[in-house]
Amino acid sequence: MKISTKKPVQGASTPEIPEHDAAEESWHLIQRAKRETGYGAKLKLKAGAVAAPDRYSADVAEAVLEEDGNAVDAAIAVAFVLAVTYPEAGNIGGGGFMNIHFDGQPYFLDYRECAPAQATRDMYLDDAGEVVPGKSVVGRHSVAIPGTVRGLWDAHQRFGTMSWQRLLDPAIRYAKQGFVVHRQLIERRDVMLADFECKTNFTRFFGAMAQGKVFRQPDLGNTLTRIAKYGVSEFYLGATAEMLVRQLSTYDVPITRDDLRNYCTVWRKPLIETWNGYQVVTAPPPSSGGIGLIQLLKMKEVLKGAFAGVAHNSAQYVHLFSELAKRVFADRAEYLGDPDFQTLPVDRLLHPAYLRSRAMEIDLAAPSKIGAVKPGLQESDETTHFSIIDKAGNAVSNTYTLNSKFGSGVVVEGAGFLLNNDMDDFSCKPGVANRFGLVGTDINAIAPGKRMLSSMTPTILTKDGQVSLVIGTPGGSRIFGSIFQVINNVHDFGMSLTQAVAEMRVHHQLLPVDTVYWEPYAPIEGVLAEELIGRGYNLQPRFTNGDIQVIRVNDDMPEAAADPRARGTVRLVN
Ligand code: GLY
């Protein structure tokens, strides 16, 4: 079974053996000595900054930065807190990507989930070869091997300066003592109750949660306490692993102890492309997001003339964006999957000549006919993102996910955490759309140990080696288009960061044909709607187009903006 090139760290097989405690202590002392002797980055900014999806995680990041922790320390603490206070997407039962700028160097940590060893290409098909509705979406059948705890651990091992226990403490506190529940969390919970009822144990764990009331999760608190004490081996080898395996054991494609033991993260080379004097450092496969973002930015450059003078969010602007996005999604479906399982034509997809010819195909006035958009070379409002920069100029752009809201809806009994439903990001059957309406081909078919294609696009723009923008968002298939639109709002239209994030965003993804999705937050209506319909577009409302968390650095001062679409907030740390 191929999971990754990196061997797992061998550790104790039970949590009774605290394998890393002594090592952690001496390691921590070395890190502190390094910090005190000025090893690594110098003071470069007047402040650190955080844009986080809720106030609890923002508070925790602020406290870590105030204690002189770095951006990675803060990211680890935030990720664990969100697993408690933002259960619809924050997680320890899912996976994600962390884009890190540290001491001037780019790093990209892939902690995406992967398929268990017994997974098969046809596991979601019935005897007639048809996709069984909902099987890859709700319940224990939809769960992939979680990567988050391993990812946070590996980031800590490489860059952390504060103790692991210290970074988990706030999450443990919020789980055991509780946090006050936000209205939006209840709204999202209520949307999912009917889907999960009878199929999962979700209601038993989250049914009592009430707006404005304190919600406690003692099982989760105990799990986090064990992870704080015993480290990564607790989740993948210890009592938590045992509970997880027991929960899924009666399913015909279980996650086994071997699956957990063998799970590894991968440090990947990020995609780096020059654009308008910036280095765009973004997500490589198994995300399609970085390729999508760069294709959009570069094709738009080719069409500079066509975009010149086009008013922001006018019918022509939405049309041009849709024409570009259509081609990106055609390539996504045909060419992208797990790079450890097949060679992907990334260089060719980003080649200037290819992007030029692709951009030149577009119809400047009306939607191109779908049949005319062939793959060129011959994913919901879930997931969550945070952006952090420390005073030394180190930055983290992190997107992680349970896939859809509250993932599979399955809570690990005794351990109190939700499991993902990221198996639905595979193509269950080539040519048949998943819950985001995305189609795929064999390249993203299910295989043991394989990572499913993602759209998560944690991105950092640098200029002259310094961080200029840290950006990302949830939104499944809408992620990279949302980031593209916000970058354009800032770059082309000179908007303030707050306005750039708050503006209406649209989405187009090739299929359904000529459909532009709008968001109830900022509907397409009036003249704009009439003009787009007149050009042949079908306008559909769906979710919101993301929840951007972004930081921009102006000289030596960061500013941050959180998307008004959700409950995010920002902090500056002097
Ligand atoms: N599950 C959403 C994504 O990976 O893009």
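The values are calculated or read from the model by the stated rules, or taken from the named source; none is laboratory data. Bear in mind that the values here come from a model prediction, so they are computed numbers and not experimental data. A quick note on method: Cβ atoms are made from the backbone with ideal geometry, for glycine too, and the neighbour counts reach across all protein chains shown. Accessible surface is based on the protein model in full, side chains and every heavy atom, while ligands, DNA and RNA are left aside. Shrake-Rupley method; radii C 1.70, N 1.55, O 1.52, S 1.80 Å.
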Strands (runs of 3 or more DSSP E) enclosed by the stretch 231-322 - at least 2 residues per element that are more than 16 Å from the ligand (Cβ to nearest atom) and under 25 Å from the mean Cα position of the chain (by Cα): 271-275, 278-282
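I need a count of the residues in the stretch 390-423 that are outside any loop (DSSP other than H, G, I, E, B) and closer than 17 Å to Ile479 by Cα. Spell out how you get there, then give the answer.
Start the filter on the stretch 390-423 by keeping residues that are outside any loop (DSSP other than H, G, I, E, B), which leaves 395-401, 411, 418, 422-423.
Narrowing further to those that are closer than 17 Å to Ile479 by Cα: 397-401, 422.
Residues meeting the conditions: 6.
Conditions tested, residue by residue: (1) under 15 Å from Leu152 (Cα atoms); (2) open to solvent by less than 20 Å² (accessible area, probe 1.4 Å).
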{"site": "Gln105", "(1), (2)": "no, no"}
{"site": "Arg112", "(1), (2)": "yes, yes"}
{"site": "Ala119", "(1), (2)": "no, yes"}
{"site": "Asp127", "(1), (2)": "no, no"}
Flag if Val149 is surrounded by 24 or more Cβ atoms within 10 Å (Cβ to Cβ) and within 16 Å of the chain's Cα centre (by Cα): yes
Residue list for the stretch 114-171, restricted to those being closer than 28 Å to Phe215 by Cβ and among the basic types (Lys, Arg): Arg140, Arg150, Arg166
Identity of the residue in the stretch 399-413, among the hydroxyl-bearing types (Ser, Thr, Tyr) and touching a Lys or Arg at 6+ places or on another chain (Cβ under 8 Å), that ends up farthest from the ligand (Cβ to nearest atom): Ser408
Number of the condition not met by Asp363 [criteria: (1) under 30 Å from Asp492 (Cα atoms); (2) open to solvent by less than 10 Å² (accessible area, probe 1.4 Å); (3) in a loop (DSSP other than H, G, I, E, B)]: (2)
Test: residue in the stretch 117-124 that is of a type in the set (Val, Ile, Thr), over 24 Å from Ile389 (Cβ atoms) and at pLDDT 95 or above: yes
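Taking the condition within 30 Å of the chain's Cα centre (by Cα), closer than 25 Å to Pro270 by Cα and at pLDDT below 95, does Phe329 pass? Reasoning before the result, please.
Numbers: within 30 Å of the chain's Cα centre (by Cα): yes; closer than 25 Å to Pro270 by Cα: yes; at pLDDT below 95: yes.
Yes, satisfied.
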Residue in the stretch 213-221 that is at positive phi, part of a loop (DSSP other than H, G, I, E, B) and touching a Pro at 6+ places or on another chain (Cβ under 9 Å) present: no
Residue ID - modelled with the lowest pLDDT, chosen from residues in the stretch 427-460 that are over 28 Å from Val486 (Cα atoms) and within 13 Å of the ligand (Cβ to nearest atom): Asn444
Check on Leu419, closer than 30 Å to Val245 by Cα, among the aliphatic types (A, V, I, L, M) and more than 11 Å from the ligand (Cβ to nearest atom): yes
